[in-house]
1. For the stretch 99-215, what class follows from the C-alpha gyration tensor (a ≥ b ≥ c being the square roots of its eigenvalues): rounded when a/c is under 1.5, otherwise prolate if a/b is larger than b/c, else oblate?
2. Using just the alpha carbons, could you tell me how many Å³ per residue the convex hull of the stretch 164-215 encloses?
3. Mind jotting down the three principal axis lengths of the stretch 1-54 based on Cα atoms? Whole angstrom, largest first.
4. Take a quick pass over the chain and tell me how many lysine pairs come in under 19 angstrom between Cα atoms, counting only ones 8 or more apart or on separate chains.
5. Heavy-atom accessible area of residue 157 with all protein chains present, probe 1.4 Å, nearest 10 Å²?
6. If I ignore ligands, DNA and RNA and count only protein heavy atoms, how much of residue 42 is accessible to a 1.4 Å probe, in Å² to the nearest 10?
7. If you roll a 1.4 angstrom probe over the protein chains with everything in place, what fraction of the accessible area of the chain belongs to carbon and sulfur, to the nearest %?
8. Please identify the DSSP H helices in the chain that span no less than 20 Å along the helix axis (Cα) and have a mean Kyte-Doolittle hydropathy of 0.5 or more.
Amino acid sequence: SGVYSDFAGSGIVHLTGGVAALMGAIALGPRIGKYGPDGKPRAIPGHNIVFTVIGVFILWLGWFGFNGGSQLAINTASDAIAVAQVFLNTNTAAAGGVIGALLMSKLLGGKVDVTMAINGALAGLVAITAGPETPAAGVATLIGFMGGIIVYCSVIFIDKNLKIDDPVGAISVHGVVGIWGILAVPLTSDAPVGAQLLGIISIIVLTFVTSFIVL
């Protein structure tokens, strides 16, 4: 029993996009030269990391409108306070995602990876999007932190084990972390886990079928 809860769309927006990205990547196949004769993935670096970082900062800024606007009103004091809490949690979750991804890249990859860091920021934002209105800032930071850890592991797994070429990590950032964001909602609210799981399954199945037909 209970109602599926997804304040600004970790599932409805991001998981949907992640599953569609997965189907698109499978349909298109890997880029030429992505995998060597031995099957090992080869890095194909982006042409301009600075522009990539700027793009992520633009997304980070835009996310305040994305999440805060989902309050749908700001004409009362309680609405304004709620929006302010959403803004705070959105920002701290993004910061937590950066830290999580940086730590993973340093501990497991041996170096600090800028592209992983910015994917960590996006992962933190995706993770908090389903429930940015209820956590305290510290909990929101931890939700984002876990998102950063998850996105690092997911990007590596999809690239090396599943042999799916995902140039910007969209499947991991939006799809895998979107699932985490939905499941994190019950940690700080009375949303039932069962309803959240049913929502995840429904979104995956509907998007998979639709994308399969289109692609």
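1. On the way: a/c = 2.42, a/b = 1.08, b/c = 2.24.
Taking the square roots of the gyration eigenvalues as a ≥ b ≥ c, the stretch 99-215 is oblate.
2. Values: hull volume 4.1 nm³, N = 52.
With only Cα atoms used, the stretch 164-215 gives 79 Å³ per residue.
3. Over the stretch 1-54, Cα extents along the principal axes are 51, 30, 16 Å.
4. 6
5. Residue 157 exposes around 100 Å² with every protein chain in place.
6. 120
7. Working: 7990 of 10860 Å².
Accessible surface attributable to carbon and sulfur in the chain totals 74 percent.
8. On the way: long enough: 49-68 (29 Å, 1.86); 77-109 (47 Å, 1.13); 114-129 (23 Å, 1.77); 137-160 (35 Å, 1.70); 193-214 (31 Å, 2.31).
Passing helices, by number: 49-68, 77-109, 114-129, 137-160, 193-214.
The values are calculated or read from the model by the stated rules, or taken from the named source; none is laboratory data. The shown structure was predicted, so the numbers you read here are calculated from the model rather than taken from an experiment. Backbone-built Cβ (ideal geometry, glycine too); neighbour counts: all protein chains shown. For accessibility, only protein heavy atoms count, side chains too; no ligands or nucleic acids. Shrake-Rupley method; radii C 1.70, N 1.55, O 1.52, S 1.80 Å.
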